[in-house]
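K.L.:
The structure that follows is given in the form of structure tokens.
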Amino acid sequence: MSFTREASRAIRSTLVLWIITAIIYPFVMIGFGQIVFPAQVNGSLIKNTQGEIVGSALVGQPFTSDRYFNSRPSTTSYSTADPKKDEAGVLKTGVSGASNLAPSNPALLERIQGNNDSDPSKRLEGDFNRLKNAGVQPTADLVYTSGSSLDPHITPEAAKAQIARIAKVRGVQPQQLETLINQNTDGRFLGIFGEPGVNVLKLNLALDALK
């Protein structure tokens, strides 16, 4: 009799705890988040001037045009590559992660430095030379990928290094671009953690809206 009573009590306690932790608590937190932090809970989505969702403040996008501030390189093309053309199958689930290539790895050096192959079809300019030829002083974050390969930020220095190129292509004043960079620079978390960064997607949206 005592065993049956204890077993029944254990089952009831388990059910009550399961309802509290697996049903009540998650729904309460979802509701709290939707009321207090709706933007963050829904993915920190960014909309353009037409109200269309164009991305998230948490995930970078590839920008390589001379008309825009370029983002840093990504080992996974920010998970936007076509999975059908992904022979290695690494993008099928939208993965993130660094290349894990050593500083002396030939593939990494070739991507950064390029090569002067006699065959024009195999010749590679390299990120460093591409930036220099565009009048951009290369910075570390414009040459090296981030640990996640999804970093939406570049340093203010990397953004300012691109001012001359964009000002020339768009025919705007460099001071206007520097102001945009300052307006879209995120400070340190709580004022002490991390480093200031510029969200490239937000900055380029502001650039398109520039009169």
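K.L.:
Based on what the data block shows, is Gln50 open to solvent by 90 Å² or more (accessible area, probe 1.4 Å), over 30 Å from Thr139 (Cα atoms) and part of a loop (DSSP other than H, G, I, E, B)?
P.N.:
Numbers: open to solvent by 90 Å² or more (accessible area, probe 1.4 Å): yes; over 30 Å from Thr139 (Cα atoms): yes; part of a loop (DSSP other than H, G, I, E, B): yes.
Answer is yes for this residue.
K.L.:
Can we say Thr179 is open to solvent by 20 Å² or more (accessible area, probe 1.4 Å), at pLDDT 85 or above and over 23 Å from Leu45 (Cα atoms)?
P.N.:
Against the criterion (open to solvent by 20 Å² or more (accessible area, probe 1.4 Å), at pLDDT 85 or above and over 23 Å from Leu45 (Cα atoms)), Thr179 qualifies.
K.L.:
Only one of Ser44, Ser74, Ser56 is under 15 Å from the mean Cα position of the chain (by Cα), on the phi > 0 side of the Ramachandran plot and among the hydroxyl-bearing types (Ser, Thr, Tyr); which? Show your work before the answer.
P.N.:
Numbers: Ser74 fails: on the phi > 0 side of the Ramachandran plot; Ser56 fails: on the phi > 0 side of the Ramachandran plot.
None of the other options fit; the residue is Ser44.
K.L.:
Could you identify the single residue in Gly147, Gly197, Gly126 that is touching a His at 6+ places or on another chain (Cβ under 6 Å) and either closer than 19 Å to Thr75 by Cα or buried (at least 17 other Cβ atoms within 10 Å of the Cβ) (or both)?
P.N.:
Details: Gly147 fails: touching a His at 6+ places or on another chain (Cβ under 6 Å); Gly126 fails: touching a His at 6+ places or on another chain (Cβ under 6 Å).
Of the residues listed, the single one that is touching a His at 6+ places or on another chain (Cβ under 6 Å) and either closer than 19 Å to Thr75 by Cα or buried (at least 17 other Cβ atoms within 10 Å of the Cβ) (or both) is Gly197.
K.L.:
Still on this structure, I have one more. If Leu109 meets every condition in (1) of a type in the set (A, V, I, L, M); (2) closer than 29 Å to Thr139 by Cβ; (3) at pLDDT below 80; (4) open to solvent by 40 Å² or more (accessible area, probe 1.4 Å) apart from one, which number is that one?
P.N.:
Only one criterion in (1) of a type in the set (A, V, I, L, M); (2) closer than 29 Å to Thr139 by Cβ; (3) at pLDDT below 80; (4) open to solvent by 40 Å² or more (accessible area, probe 1.4 Å) is unmet by Leu109, namely (3).
K.L.:
Check segment 134-144 and report whether any residue there is aromatic (Phe, Trp, Tyr), closer than 28 Å to Gly43 by Cβ and either free of Cβ contacts under 8 Å to residues at least 12 places away in the same chain or touching a strand residue (DSSP E or B) at 6+ places or on another chain (Cβ under 7 Å) (or both).
P.N.:
no
K.L.:
Show the residue pairs meeting these rules: Cβ distance below 6 Å; 6+ apart or different chains; first residue within segment 21-43 and in a helix (DSSP H, G or I); second residue surrounded by 10 or more Cβ atoms within 10 Å (Cβ to Cβ) and modelled with pLDDT under 85.
P.N.:
Gly33/Val41; Gln34/Val41
K.L.:
Just one of Ala98, Ala140, Ala88 is out of contact with any Ser or Thr (no Cβ under 7 Å at 6 or more places or on another chain) and either open to solvent by less than 50 Å² (accessible area, probe 1.4 Å) or at pLDDT 80 or above (or both); which is it? Before the answer, list the steps.
P.N.:
Details: Ala98 fails: out of contact with any Ser or Thr (no Cβ under 7 Å at 6 or more places or on another chain); Ala88 fails: either open to solvent by less than 50 Å² (accessible area, probe 1.4 Å) or at pLDDT 80 or above (or both).
Exactly one of Ala98, Ala140, Ala88 is out of contact with any Ser or Thr (no Cβ under 7 Å at 6 or more places or on another chain) and either open to solvent by less than 50 Å² (accessible area, probe 1.4 Å) or at pLDDT 80 or above (or both), namely Ala140.
K.L.:
Conditions: (1) modelled with pLDDT of 80 or more; (2) part of a helix (DSSP H, G or I). Phe69 meets all but one. Number of the miss?
P.N.:
All conditions pass for Phe69, except number (2).
The values are calculated or read from the model by the stated rules, or taken from the named source; none is laboratory data. Keep in mind it's a predicted model, so treat the numbers as computed, not measured. Heads up, the Cβs are rebuilt from the backbone with ideal geometry, glycines too, and the neighbour counts pull from every protein chain shown. Heads up: the accessible areas ignore ligands, DNA and RNA and are worked out on the full protein's heavy atoms, side chains in. Shrake-Rupley method; radii C 1.70, N 1.55, O 1.52, S 1.80 Å.
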